1. Between the range 109-129 and the range 313-345, what's the alpha-carbon centroid distance in Å?
2. Relative to the longest principal Cα axis of the chain, at what angle does helix 7-21 sit, 0 to 90 degrees, rounded to 10?
3. Net charge near ALA347, counting Lys/Arg +1 and Asp/Glu -1 over other residues with Cβ under 11 Å of its Cβ?
4. For ASN23 and LYS315, calculate 0.36 nm times their separation in residues minus their Cα-Cα distance, and state this gained length in nm to one decimal.
5. With axes computed from alpha carbons, what is the tilt in degrees of helix 172-182 against the longest principal axis of the chain, rounded to the nearest 10 within 0 to 90?
6. Largest first, how would LEU232, LEU104 line up by accessible area (1.4 Å probe)?
7. In degrees from 0 to 90, rounded to the nearest 10, what is the angle of the helix 225-240 Cα long axis to the longest principal axis of the chain?
8. List the extent of the Cα atoms of the range 209-249 along each of their three principal axes, largest first, rounded to whole Å.
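The values are calculated or read from the model by the stated rules, or taken from the named source; none is laboratory data. The model shown is predicted, which means the values in this text are computed figures rather than measured ones. Quick reminder, even Gly has a Cβ in these numbers, built from the backbone with ideal geometry, and neighbours come from all protein chains shown. Side chains are part of the model used for accessible areas, which takes the heavy atoms of the whole protein and leaves out ligands, DNA and RNA. Shrake-Rupley method; radii C 1.70, N 1.55, O 1.52, S 1.80 Å.
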Amino acid sequence: MDNFSSPKDTHSLLNQLQMELENENEVRIMEFCGGHTHQLVKSGLMSLLPDNLKMIHGPGCPVCVLPSEHIQAALDLLKSNSKLVVACFGDLMRIPTLGGDSLLGARSRGEDVRMVYDPTDLLKMAKNEPEKLFLFLAIGFETTAPATARLIYRIDEQQISNLKVYCLHVTTPPAIAVVMENLRPERRPMGLIGPGHVSLVTGLDLYHQASEKYSVPICISGFETNDLLTSLVTLVKSIKNKKNKVYNEYTRALKSEGNLEAQKLLKKVFEFRKSFYWRGLGEISQSAYKISPRYKEIDAEEFFKIKLSKVPEHKLCQCGSILRGEKSPLDCKLYAKACTPANPLGACMVSSEGTCSAYYAQGISV
Ligand code: SF4
Ligand code: SF4
């Protein structure tokens, strides 16, 4: 198929899916990535899928899985350092922390908080404003980690001393493992749609182990409606035939070995943390990157001696259970009432890849 959003193809793929699922018991499939959740909901596909196909939304939204204490640490640093500029991707600015404060709130109080699209823009900013001290909050899965690695490499190469990086990048396979090992059998996915962008960097190898260990087929998908439908058909067939394989349904972009240059750069600049705490999934060993000692002058954790203190979540917020695949936004009493994108009470309502915000944007109601 070369037209990834043709309605004719969508129709025929939906028919195919329907036929494959006829007379079958419930089939559960998890889409790991927030981008896929967003597309499933935005395209209206969720409401067109056969009743016996249950989609379980996964923890693949980097903003959602980041505990607020890291944002709180940046806010505390802003208070104690008048020269500090905190830079981050847009969604991070609205994550609520202690007392509902956020980086956006700090900016409206006159603190220097800047949104960046391309982290390498910070090189120029730091050079142009030598009197300032820049702190970049680097988040994301393997997708955005190479851009941060490149930034660190350049800071080092250009000997820029007023730009520090707080590395908060997380990795996909440990999160898949936690979800698969902890979900109740009646919720556990029988197949997984793997993240497209992440895989462009990592390649397919990392999924083989998970597929074998958890006896599930995994299909890497693109982001168009027909990409997702094609992956669903592939997975359903595979589940029916009890074939636990890794499939690439994103062949127009994805090479099975991934991006070797990016992988090399990641190895050079980062190492694995012993352990990292994820919102919803808890403490997971070897699940996040830290800056390698070779670049320790650039490492904000070293430079600012960052200490984290726990930030309690809103008592009724169900983000944790949603990220674990246990619940949907409709199970949260605050959804679309007290919690909306204009007044988010939890991270899943902030990010465009968050499940609550995807549901809200499409007017899905209880
Ligand atoms: S960056 Fe891309 S692959 Fe990663 S979670 Fe977001 S949409 Fe999915
Ligand atoms: S609707 Fe808001 S409060 Fe409820 S789970 Fe989602 S983000 Fe949390």
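1. Cα centroid of the range 109-129 versus Cα centroid of the range 313-345: 32 Å apart.
2. Here the helix axis deviates by roughly 70 degrees.
3. Details: positive: ARG94, ARG279; negative: ASP91, GLU313, GLU353.
Summing Lys and Arg as +1 and Asp and Glu as -1 gives -1.
4. Net length gain for the segment: 100.9 nm.
5. 60
6. LEU104, LEU232
7. 60
8. 29, 20, 11
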